[in-house]
Amino acid sequence: MSTTDRPVRVLNVLGGTDLGGAESRIMDLLRHMDRDSVVFDFLVHMDPVEYRKAVSSGVSPESLRKEQHFDREIRDLGGRIFAVPRPEPGDYSFYSKAVKRFFEEHKGEFSVLEGHMTSTAPVYMKIAAEYGIHPIVCHVRSAGTGKGFKGFLRKLLRRNAGKRADILFSCSEKAAKAVFGNRKSYFVPNAVETGKFVFDSKNRADVRSEYGLSGCRVIGHIGRFSYPKNHTFLLKVFADIAASQKDVRLLLVGDGELFPEVRKEAESLGIGDLVVFTGSRSDPERFYSAMDVLVFPSRYEGMPGTVIEAQANGLPCLISDTISGDTAVCETVKTLSLGADVSSWGKQALSMMDGEEGHRETVSAGNTEKLKEALYDVEALSERLKVFYTGGGIDLPLTGG
């Protein structure tokens with residue numbers, strides 16, 4: 001690592017810089033990092049056609065890359081964004097050449113590489129090592145993969161993700177086991193800015209008023225509309241509840257490729273007028289306070305930041321047993337099998353609701369302290385990682401090995 005007075009530059013390899021779970025957690029760390037000591041740069045994917053056009057025109061690839069959600073903030077915080085082409089199925093040769101070209105052009109600029117893209121990790125980590133970057137970190141953030149051939153292929157590729165790395169990071173025991181097997185890895189939780197998510201009675205009143213939820217019991221979910229989040233099951237649970245409870249509403253915060261499908265499903269179940277779709281929001285902290293229970297029936301996760309944020313808020317959480325147990329730091333989290341019927345999920349969710357604001361504030365304060373002690377607070381985690389990035393060793397718990 002760098003021994004000069006200049007900050008250490010950490011190259012984060014990601015698919016993109018749009019609003020998402022992994023991206024949000026990395027940005028939280030960047031915001032709280034001592035940037036006199038450590039700066040984050042990003043190597044992301046872009047459209048292969050646009051990449052070829054840039055190279056043939058003699059301009060930087062990132063100049064033709066479409067702007068994404070966090071780009072401006074990254075630059076404001078001293079980071080740089082570079083781009084290589086998105087790998088084309090079955091052909092990594094062009095991708096490999098582009099990665100090699102990138103490291104050749106930026107030789108000696110990075111002290112640490114942290115790869116969050118596990119499917120292409122064997123390619124870019126091997127090349128980074130050839131250009132003298134050490135340590136190389138493989139950071140796994142999910143315990144599963146999507147369905148179909150694409151998910152199967154990604155699962156196969158991930159098996160080799162950590163073999164080119166010097167150090168392994170994982171967000172949970174399940175994620176570590178899924179990708180690294182029995183190899184030693186370090187626990188880097190999806191830490192959040194806990195103070196930002198504490199319960200706020202004004203936020204509760206404002207959101208409920210804005211979305212017509214005053215006087216209702218609100219079941220909530222915050223997350224991308226995608227296969228792992230299992231929104232269809234959540235709608236069925238809510239439909240079962242709504243059949244006997246007339247004052248309940250479902251508040252869904254987020255966007256994604258399955259948004260139209262989920263909205264159509266709500267209509268077909270006859271609950272369309274009881275479900276509130278907010279779309280993607282940059283202020284999720286306001287919405288936790290408006291909810292009475294978070295229902296999170298994911299098919300798989302690494303460590304969902306949503307559940308960590310909800311715990312800081314003091315919001316009761318009902319989560320699936322596919323989610324790693326180390327997500328449940330506080331007693332406000334209950335787990336139920338996805339094999340249980342929707343009626344069991346509905347009854348459990350109803351039993352967990354607590355509308356007493358004074359009690360919620362007390363629970364939120366206690367939960368926040370527990371999360372800080374367990375390293376789920378971003379300020380505490382960023383200080384530990386700063387020590388690592390600047391060559392001071394690793395002071396993190398183990399998750400495997």
Checklist entry - Which condition number in (1) assigned to a loop (DSSP other than H, G, I, E, B); (2) surrounded by 17 or more Cβ atoms within 10 Å (Cβ to Cβ) is the one that G392 fails? => result (2)
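Just one of D18, D34, D5 is more than 24 Å from R141 (Cβ to Cβ), in a loop (DSSP other than H, G, I, E, B) and either of a type in the set (D, E, K, R) or not assigned by TED's automatic domain parsing to the domain that holds G108 (or both); which is it? Steps first, answer last, please.
Details: D18 fails: more than 24 Å from R141 (Cβ to Cβ); D34 fails: more than 24 Å from R141 (Cβ to Cβ).
After applying the criteria, what remains is D5.
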Checklist outcome for this item: Within segment 150-204, residues modelled with pLDDT under 90, within 30 Å of D91 (Cβ to Cβ) and touching a Cys at 6+ places or on another chain (Cβ under 6 Å) come out as A161, G162
Next on the checklist: So, in segment 25-45, exactly how many residues are more than 16 Å from I133 (Cβ to Cβ) and surrounded by 19 or more Cβ atoms within 10 Å (Cβ to Cβ)?
Outcome noted: 10
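Kindly check whether there is at least one residue in segment 50-65 that is at positive phi and in the same structural domain as H116 (by TED's automatic domain parsing). So that I can check it myself, show each step before the final result.
Of the residues in segment 50-65, the ones at positive phi are 58.
If we keep only those that are in the same structural domain as H116 (by TED's automatic domain parsing) too, we end up with 58.
So far as segment 50-65 goes, yes, one or more of its residues are at positive phi and in the same structural domain as H116 (by TED's automatic domain parsing).
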Next on the checklist: Quick check on my filter: what residues within segment 57-101 are in contact with a Leu (Cβ under 7 Å, 6 or more places away or on another chain) and under 18 Å from K126 (Cα atoms)?
Outcome noted: V84
Checklist entry - Residues of segment 159-179 being closer than 14 Å to G115 by Cα and under 20 Å from the mean Cα position of the chain (by Cα), which ones? => result A161, G162, L168, F169, S170, C171, V179
Checklist entry - Taking segment 306-324 as the region of interest, how many residues are farther than 18 Å from V218 by Cβ and of a type in the set (S, T, N, Q)? => result 3
Item to check | Top-ranked residue of segment 124-149 - restricted to ones that are among the hydroxyl-bearing types (S, T, Y) and either under 22 Å from P89 (Cα atoms) or not assigned by TED's automatic domain parsing to the domain that holds Y186 (or both), ranked as modelled with the highest pLDDT | outcome: Y124
Checklist entry - Can you find even one residue in segment 263-284 that is at pLDDT 95 or above, within 22 Å of the chain's Cα centre (by Cα) and of a type in the set (A, V, I, L, M, F, W, C)? => result yes
Item to check | Out of E309, E331, sole residue that is closer than 24 Å to N203 by Cβ and surrounded by fewer than 23 Cβ atoms within 10 Å (Cβ to Cβ) | outcome: E331
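The values are calculated or read from the model by the stated rules, or taken from the named source; none is laboratory data. Values in this document were obtained by computation on a predicted structure and should not be read as measured data. For neighbour counting, all protein chains shown are included, and Cβ atoms are generated from backbone atoms with ideal geometry for every residue, glycine included.
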